[in-house]
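Here the structure comes first, spelled out in structure tokens, and everything after it is commentary.
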Amino acid sequence: VQYLQVDEMTRLINAAAPGFRELVQGALYTGARYGDLSAMDVGDFNADAHMVMSGNSKASKPHPVYLSASGVKFFERITQGRPRRAPMFPHPDGGRWGKSKQTRPMKAAIDAARIDTPLSFHGLRHTYASQAVMAGVPLVVVAQNLGHTDTRMVEKHYGHLAKSWVRDQVQAMPALEDPGATDAVVSLHSTGKKETAL
């Protein structure tokens, strides 16, 4: 699974054209699919609940995506004073983002940000999930925010990141002194001397 590092996410946001930039940020804050982001209305954001409803274009029911503190601030900024039925992420032409309209601006932003990873817009969903797992967010929480009914898909694609996170956390534990490591203990077997039975 291809995903962006934190510094690459920042560079991509800065390099994206206005209008498309907010769409990129929305994807990175929610992990929502392009079609879901395109279908979102301003009224889908609930600041009090710290969540936004995703259209979940591959399933029959919308689902809530719970947001980080910075995600809440972002959605508060882009929805302030706007009608509830207005598109959450309007296309620069005033309508909604349509099918495949994200392809060219995504490539332009990737090139401008000098990101070597060949990433499509859907890669932002993978980036969201990867970063969440590496931050220690439980797989069941990541799965629910992505709209999955269970953790199988998340475990399949991102489970190895959770394991590496656990490994890194354990390796960061305080060192325990080992007094035996400094003792000048020499094994009889290492001296070449022959032991005799008593």
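Structure notes:
- Subset of region 1-35 that is of a type in the set (Ser, Thr, Tyr) and not in a loop (DSSP other than H, G, I, E, B) - its residue that is farthest from the chain's Cα centre (by Cα): Tyr34
- The requirement of being at pLDDT below 95, touching a strand residue (DSSP E or B) at 6+ places or on another chain (Cβ under 6 Å) and open to solvent by less than 40 Å² (accessible area, probe 1.4 Å) is fulfilled nowhere in region 2-19; no residue meets it.
- Residue in region 77-84 that is in contact with a Lys or Arg (Cβ under 7 Å, 6 or more places away or on another chain), within 13 Å of Gly26 (Cβ to Cβ) and among the basic types (Lys, Arg) present: no
- Val42 meets the conditions (1) open to solvent by 20 Å² or more (accessible area, probe 1.4 Å); (2) over 21 Å from the mean Cα position of the chain (by Cα); (3) closer than 23 Å to Asn145 by Cα in every case but one. The failed one is (1).
- Test result for Glu22, acidic (Asp, Glu), open to solvent by 20 Å² or more (accessible area, probe 1.4 Å) and closer than 20 Å to Thr117 by Cβ: no
- Residue among Thr79, Thr117 that is modelled with pLDDT under 95 and either closer than 19 Å to Val6 by Cα or not basic (Lys, Arg) (or both): Thr117
- Residues of region 87-126 that are crowded, with 20+ Cβ neighbours inside 10 Å and of a type in the set (A, V, I, L, M, F, W, C): Met88, Phe89, Trp97, Met106, Ala109, Ile110, Leu119, Phe121, Leu124.
- Summed over region 148-161, the residues that are of a type in the set (A, V, I, L, M), farther than 21 Å from Pro64 by Cβ and either open to solvent by 50 Å² or more (accessible area, probe 1.4 Å) or at pLDDT 85 or above (or both) give a count of 0.
- Test result for Tyr29, open to solvent by 50 Å² or more (accessible area, probe 1.4 Å) and in contact (Cβ under 8 Å) with a residue 24 or more places away in the chain: yes
- Extreme residue, farthest from Val140 (Cα to Cα), among residues of region 40-99 that are without any contact (Cβ under 8 Å) to a residue 24 or more places away in the chain and assigned to a helix (DSSP H, G or I): Arg77
- Residue in region 127-147 that is in contact with a Lys or Arg (Cβ under 6 Å, 6 or more places away or on another chain), surrounded by 12 or more Cβ atoms within 10 Å (Cβ to Cβ) and outside any loop (DSSP other than H, G, I, E, B) present: no
- Those residues of region 100-113 which are without any contact (Cβ under 8 Å) to a residue 40 or more places away in the chain and small (Gly, Ala, Ser), in sequence order: Ser100
The values are calculated or read from the model by the stated rules, or taken from the named source; none is laboratory data. If you're wondering where the values come from, they're calculated on a predicted model, not measured in any experiment. Cβ sites come from the backbone with ideal geometry, for glycine too, and all protein chains shown count toward neighbours. Surface accessibility is based on the protein's heavy atoms, side chains included, excluding ligands, DNA and RNA. Shrake-Rupley method; radii C 1.70, N 1.55, O 1.52, S 1.80 Å.
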